[in-house]
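Asks: The structure's right below; bear with me while I get my questions together.
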Amino acid sequence: MKELVILSGKGGTGKTSLTGAFANLADNMMLCDADVDAADLHLLMAPEILKTTDFVGGNEAFILADKCSQCGLCMELCRFNAIQEDRTGRPVVDPIDCEGCGVCVDMCPEQAVDFPQKTCGQWFVSKTRFGPMVHARLGIAEENSGRLVALVREEAKKRARNQHIDLILTDGPPGIGCPVIASIGQASSVLIVTEPTVSGVHDMERVTRLAAHFKIPAMVCINKFDLNPDQGLIIEKIAKEKNLGLAGRIPFDPEFTRAMVQGKTIMETNEDSMAAKAVKDIWQKVMESSAMKLERIM
């Protein structure tokens, strides 16, 4: 079983649209949406949810008024200023500011701080018109997105093994932070989607260094390459210097937007367009790379 993770240094480069197009082209695959902070692959896949599970991702302090002696120690120790006096002078915890560190729980002389676990989001097992899918939704302003990404990927791998699926297509989060790190560990290969702009070059280099740090084979795909050919040549030069494979170039094509508005992939709305043909070539090249050759172990 192989896992291809589609990444980008920033949001809006087209990685989700590309993931959806790949899902249309792939055989015997499992979809995984690891962009739990701003999940949108479901908008293209229209999944039928088969199972919903709450994600418990941390704790939240709550002061028990009947035990509190109002000594003020919790307010003094909270480095996040999450505990303030209410109108009656009693300390209360602001759930938005509380980081769940537990200092107030450990140091309260009256043991007046409760510390229950909290539900931070949900993860789902679904079926789509292209195959099974595991995805998640993190609550607004909630934390532990890296942990939720790891959970979603592990569930996808477990189900892929049980269903004898050869390939997992993972739509990764943007950037290089904790969720991205959680999305590429032990992946077979990474496809970095970038754009021919100054910021696109910078963001691509950051993701490239991250993949190299974890020794994950990486390839580069240039989206909308014809909007700025000079920057595209710079990207190709960097890819060559860093021994990255150039998976291909996708021209700017409004068909991507039209497909997105319809909740479909470009392969479904206009597979004869220039962009769709470029996507097919990129898919073929990625699947032919040494890191992604599927080999069944009997």
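Asks: THR16 fails exactly one of the following numbered conditions: (1) part of a helix (DSSP H, G or I); (2) surrounded by fewer than 24 Cβ atoms within 10 Å (Cβ to Cβ); (3) touching a helix residue (DSSP H, G or I) at 6+ places or on another chain (Cβ under 7 Å). What is the number of that condition?
Replies: Every condition holds for THR16 apart from (2).
Asks: What are the residues in region 50-99 that are over 30 Å from MET133 (Cβ atoms), in contact (Cβ under 8 Å) with a residue 24 or more places away in the chain and in contact with an Asp or Glu (Cβ under 7 Å, 6 or more places away or on another chain), if any?
Replies: Correct list: PHE62, LEU64, LYS67, CYS68, SER69, PRO91, VAL92, PRO95, CYS98.
Asks: Could you pull out every one of the strands (runs of 3 or more DSSP E) wholly within region 179-298 that has 2 or more residues that are surrounded by 16 or more Cβ atoms within 10 Å (Cβ to Cβ) and small (Gly, Ala, Ser)?
Replies: Those strands (runs of 3 or more DSSP E) span 245-250.
Asks: Report, ordered by the first and then the second residue, all pairs with beta carbons closer than 8 Å, sequence separation of six or more or different chains, a first member in region 267-288 that is farther than 20 Å from LEU191 by Cα, and a second member that is not in a helix (DSSP H, G or I).
Replies: Going by the 8 Å Cβ cut-off, the qualifying pairs are THR269/GLN262; SER273/ASP253; MET274/PRO251; MET274/ASP253.
Asks: For region 148-189, give me each residue that is under 13 Å from the mean Cα position of the chain (by Cα) and aliphatic (A, V, I, L, M).
Replies: LEU148, VAL149, ALA150, LEU151, VAL152, LEU169, ILE176, VAL180, ILE181, ALA182, ILE184
Asks: Within region 19-64, track down each residue that is farther than 14 Å from GLY263 by Cβ, part of a helix (DSSP H, G or I) and over 17 Å from the mean Cα position of the chain (by Cα).
Replies: LEU25
Asks: Scan LEU44, LEU31, LEU73, LEU50 and give me the residue that is surrounded by fewer than 20 Cβ atoms within 10 Å (Cβ to Cβ) and either under 30 Å from THR194 (Cα atoms) or in the same structural domain as PHE130 (by TED's automatic domain parsing) (or both).
Replies: LEU50
The values are calculated or read from the model by the stated rules, or taken from the named source; none is laboratory data. All values reported here derive from a predicted model rather than from experimental measurement. Every residue, glycine as well, gets a Cβ built from its backbone with ideal geometry; the counts of neighbours run over all protein chains shown.
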